[in-house]
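Peer 1: Okay, handing you the structure first.
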Amino acid sequence: MRAGGRRGGEKQMVPEAEFSSYYGRPVLKETVWGADIPSYLFLGGLAGASSALAAAAHLSGHQDLARAAKAGAAGAISLSMVALVHDLGRPLRFINMLRVFKVTSPMSVGTWILSGYTPLALGAAACAVTGKLPRVGLAVTLPAAALGPAVASYTSVLLADTAVPAWHDAHRELPFVFVGSAMTAAGGLGMLAVRPDDARQAVRFGVLGAAAELIAKRLMLRRLGPAAEQYEKGRAGTLMNAAEALTVAGLAGTVLAGRSRAAAVLGGAALMTASALTRFGIFEAGRASARDPKYTVGPQRQRLHGKGESASGPRPAADSAASSAGSSTAY
């Protein structure tokens with residue numbers, strides 16, 4: 001109890017209690033997503049951004065780059081779907097999600113986005129690789145490019161829609177991190193796949209994506225507060241630091257990409273690897289933050305204190321939070 005309350009300005013008689021959960025168990029249930037999901041996040045982003053790059057290259061007459069980007073998008077989305085279905089356990093579980101369309105559910109919207117995008121990306125790649133039906137190829141390339149940004153970013157909304165602190169509290173910046181990371185990977189793939197003279201659009205795409213990704217990461221970590229620790233330490237911190245170092249190295253490679261094929265290949269590989277490590281790092285940070293109760297309860301108490309409310313009876317963290325986190329584990 002406090003003598004006189006806060007308004008009287010008197011000294012607090014009892015120190016603030018330190019939070020500890022029952023038997024030291026986490027407040028939130030850790031996601032059951034397996035090791036396939038980070039790959040699914042990366043490959044989906046690579047596919048969506050590659051389709052956007054492919055359309056730009058196609059319309060500007062850079063057919064070699066367009067062909068490589070379309071093939072990359074088709075391959076990436078195919079592998080992404082394989083990773084997703086493998087994590088779900090049975091293909092029927094994905095098909096079952098197509099029975100309804102719920103605009104308030106990122107999972108439902110994402111399922112329909114993937115279902116609409118995948119045949120378009122595969123069709124664009126088939127026409128580009130075979131050289132047949134060029135008009136049909138353009139007709140499927142443009143809508144694939146239109147859906148590309150959604151494919152690259154909707155998984156960030158899936159993560160942020162859970163109660164996992166390191167994901168949910170980053171909901172403002174996470175889509176920008178994912179889109180920037182996807183552009184970085186697509187630009188890197190273009191640098192790897194075509195000659196330096198044909199890769200200029202890919203270089204610009206990768207540079208723009210890397211800049212957006214680095215800025216968004218900084219803003220995210222600055223605003224996150226205590227949960228930012230999970231992005232800076234442990235396995236997640238190692239992955240995120242390696243991603244940033246490789247992004248910088250890849251940007252250095254883009255400077256020399258026009259002069260040296262080797263520099264273009266190394267720079268492109270660095271950018272693609274950096275993008276993958278970013279997705280894996282974000283995934284690991286979320287899992288780590290769910291295991292530690294302080295990242296759930298601490299921000300709650302800060303918000304309550306900021307509103308001038310009593311912290312003696314905060315809403316249990318596992319109410320809707322745990323159900324939200326549990327429902328998100330479907331994919």
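The values are calculated or read from the model by the stated rules, or taken from the named source; none is laboratory data. Computed from a prediction, not measured in an experiment: that's the story for all the values here. Note that we place each Cβ from the backbone using ideal geometry, even for glycine, and neighbour counts take in every protein chain shown.
Peer 1: Can you tell me which residue among Gly326, Gly313, Gly306 is modelled with pLDDT of 60 or more and among the small types (Gly, Ala, Ser)?
Peer 2: Of Gly326, Gly313, Gly306, the one residue that is modelled with pLDDT of 60 or more and among the small types (Gly, Ala, Ser) is Gly306.
Peer 1: Also, quick follow-up: Does Asp64 satisfy being within 18 Å of Thr155 (Cα to Cα), acidic (Asp, Glu), in contact (Cβ under 8 Å) with a residue 24 or more places away in the chain and assigned to a helix (DSSP H, G or I)?
Peer 2: no
Peer 1: Can we say Gly190 is of a type outside the set (D, E, K, R), more than 23 Å from Ala170 (Cα to Cα) and in a helix (DSSP H, G or I)?
Peer 2: It is true that Gly190 is of a type outside the set (D, E, K, R), more than 23 Å from Ala170 (Cα to Cα) and in a helix (DSSP H, G or I).
Peer 1: For the stretch 205-225, enumerate the residues that are crowded, with 16+ Cβ neighbours inside 10 Å and in contact (Cβ under 8 Å) with a residue 12 or more places away in the chain.
Peer 2: Scanning the stretch 205-225 gives Phe205, Gly206, Val207, Gly209, Ala210, Ala212, Glu213, Leu214, Ala216, Lys217, Met220, Leu224.
Peer 1: Restricting to the stretch 243-277, and then to whatever is buried (at least 18 other Cβ atoms within 10 Å of the Cβ) and among the hydroxyl-bearing types (Ser, Thr, Tyr), can you tell me which residue is farthest from the chain's Cα centre (by Cα)?
Peer 2: Restricting to residues being buried (at least 18 other Cβ atoms within 10 Å of the Cβ) and among the hydroxyl-bearing types (Ser, Thr, Tyr), the top hit is Thr254.
Peer 1: Which pairs do you get when a residue that is crowded, with 19+ Cβ neighbours inside 10 Å, found in the stretch 227-242, comes within reach of a residue that is of a type in the set (Phe, Trp, Tyr), reach meaning Cβ atoms under 6 angstrom, with the pair 6+ apart or on two chains?
Peer 2: Ala227/Tyr295; Leu239/Phe280; Met240/Tyr231
Peer 1: What tally of residues in the stretch 133-152 results from selecting those that are surrounded by fewer than 24 Cβ atoms within 10 Å (Cβ to Cβ), closer than 15 Å to Gly48 by Cβ and either touching a residue at least 60 places away in the same chain (Cβ under 8 Å) or hydroxyl-bearing (Ser, Thr, Tyr) (or both)?
Peer 2: Looking only at that region, the number is 4.
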